[in-house]
Amino acid sequence: MKLLTFKGGIHPPYGKEYANKKPIERAKAPETVYIPLQQHIGAPAKCIVEVGDEVKLGQKIGEAQGFVSSNIHSSVSGVVKAIKPSGVPGGTSMCVVIENDFKEEVHESVKPKGDLESLSKEDIVEIVKEAGIVGMGGATFPNHVKISPPPDSKAEYVILNGAECEPYLTADDRLMVENPEDVVYGLRALMKALDVKKGFIGIEVNKPEAIANVTEAAKSFADIEVVSLQVKYPEGAEKQLIYACTGREVPSGALPIAVGAVVDNVATSAAIAKAIKEGMPLVERITTITGPCIKEPKNLITKVGTKFSELVEQCGGVKEGVTAGKLIAGGPMMGLAQYTDDISTNKGSSGILILDEKEAKDPEPMNCIKCGRCTDVCPAFLQPLFISAYSLKNNFDEAEKHRAMDCIECGSCSFICPARRLLLPSIRQAKREIGAKRRKAAAEKKK
């Protein structure tokens, strides 16, 4: 069997063994949830409930504002106790605080939407929009926007990312092993919404059970192909996955639709299936709680708005005699380190990783030796050493000329650097500065 891949990439320690054999469990429901109104790329949702309101499971509590935004729903039934800023991965966000009554009373709007054959593509887009479904691989881009391409663009392929190349995380793997039917159902819905005739599900070859189960679930559909991918990071990155599956290269600055492709995560696909078959919006997801510090790593179905601390406690907490060194929302390559565990999960919370002191310690950087390894492994064909150097000198115009905005922030350059230079943080800073400059220029142009 030919294994598909892309040029570049690295092989970090994967750490999958902590949780990849742990069946999915349902996390204990929290007494209180803190549901962020901003858990997606785009405009925050507008709160449509008030303190004292009784709400039900699946009830809309936040309404999307504008096209690039997403609805927010309650993950429990209970009473709204507060609407206030609260801790979320990366900082704070306005949250709807709901005291759980543990009745799990489902809202009247949550009901099956009909069989897939009877739904039009417009119906599917509307269901996805109303359900508040976003990209669950980490980007949290509103999915109804992704499946509503401009009139002058035509999708030819839908590709599901089942690579889960990020070290330690195993939520997608377990989803494909235990619930492959919903993954395939969601893909068929996406293909119908986009009117395409070919779908791919890309899975790294280190997930043989997932490949077998998804292949079995898709065997009746000739227009769906399950492809095996090389084990390499970042195999699941959007543009790299498109190249691996189709041989097409997304041009610099362009979106996947420019080459006729739409990419979604397997968890997003399963959420779409649930929204159609049950009418349940996106109020929970599978989260991997893992790492060398965790006493009993698990893959838990977690309600949106659950505190990190509660989930870690349900996994036995930190091992005795081990000192936790770093808490990461997500995986070690693209996740964000957190200063506290008093933060709540959101739709993009694929993992909670705790590293010990040794693994968490940043290396002492040395002078760049111009070896070119960062350039060799960069999956976006950039020269990270130059972008980083210009960024550190606040020369963001030169960083822009070196295509800083094409960086996918995978961290491969930092990982491979023999001088232990933390290239990615300075490149991220360049991207922020360039983005701010472009937004300012656009605003001035409007005036």
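Couplings 3J(HN,Hα) for the stretch 341-348, derived from phi with the Karplus relation 6.51 cos²θ - 1.76 cosθ + 1.60 (θ = phi - 60°), are 9, 8, 9, 9, 6, 9, 5, x Hz, where x marks Gly and Pro. As a ratio to 2.2 N^0.38 Å, the alpha-carbon radius of gyration computed for the stretch 1-142 takes the value 1.29.
Might you report the magnitude of the Cβ-based charge dipole of the chain about its Cα centre, with Lys and Arg at +1 and Asp and Glu at -1, to the nearest 20 debye?
1480 debye
Absence of a disulfide-compatible partner, taken as no other cysteine beta carbon within less than 4.7 angstrom, is noted in the chain for Cys47, Cys95, Cys165, Cys245, Cys293, Cys315, Cys368, Cys371, Cys378, Cys407, Cys410, Cys417.
Per residue, the accessible area of the stretch 36-173 comes to 42 Å² when a 1.4 Å probe rolls over the protein heavy atoms.
Beta bridges from DSSP with both residues in the chain: antiparallel share about 60 percent, rounded to the nearest 5. Among the listed pairs Lys21/Lys326; Lys401/Lys447; Lys154/Lys239; Lys22/Lys326; Lys81/Lys440; Lys192/Lys347, a Cα-Cα separation exceeding 29 Å is found for Lys81/Lys440. Solvent-accessible surface of the stretch 221-336, averaged per residue with a 1.4 angstrom probe and all protein chains in place: 33 square angstrom. Accessible surface of the stretch 166-205, 1.4 Å probe: 48 percent of it comes from carbon and sulfur atoms. The per residue volume of the convex hull around the alpha-carbon atoms of the stretch 105-160 is 126 Å³.
Karplus-derived 3J(HN,Hα) values for the stretch 91-96, using 6.51 cos²θ - 1.76 cosθ + 1.60 with θ = phi - 60°, are x, 10, 8, 5, 10, 8 Hz; glycine and proline are entered as x. Here the accessible area is traced with a 1.4 Å probe on the protein chains. For the stretch 289-447, carbon and sulfur cover 51 percent of it. Length gained on full extension, Glu181 to Thr375: 65.8 nm, using 0.36 nm per residue less the C-alpha separation.
Using only the Cα atoms of the chain, build the gyration tensor, take square roots of its eigenvalues as a ≥ b ≥ c, and label the shape rounded, prolate or oblate: rounded if a/c is under 1.5, else prolate if a/b is larger than b/c, else oblate. Verdict is rounded for the chain.
The values are calculated or read from the model by the stated rules, or taken from the named source; none is laboratory data. All values reported here derive from a predicted model rather than from experimental measurement. So basically every Cβ, Gly included, is an ideal-geometry build from the backbone, and we count neighbours across all protein chains shown. For accessibility, only protein heavy atoms count, side chains too; no ligands or nucleic acids. Shrake-Rupley method; radii C 1.70, N 1.55, O 1.52, S 1.80 Å.
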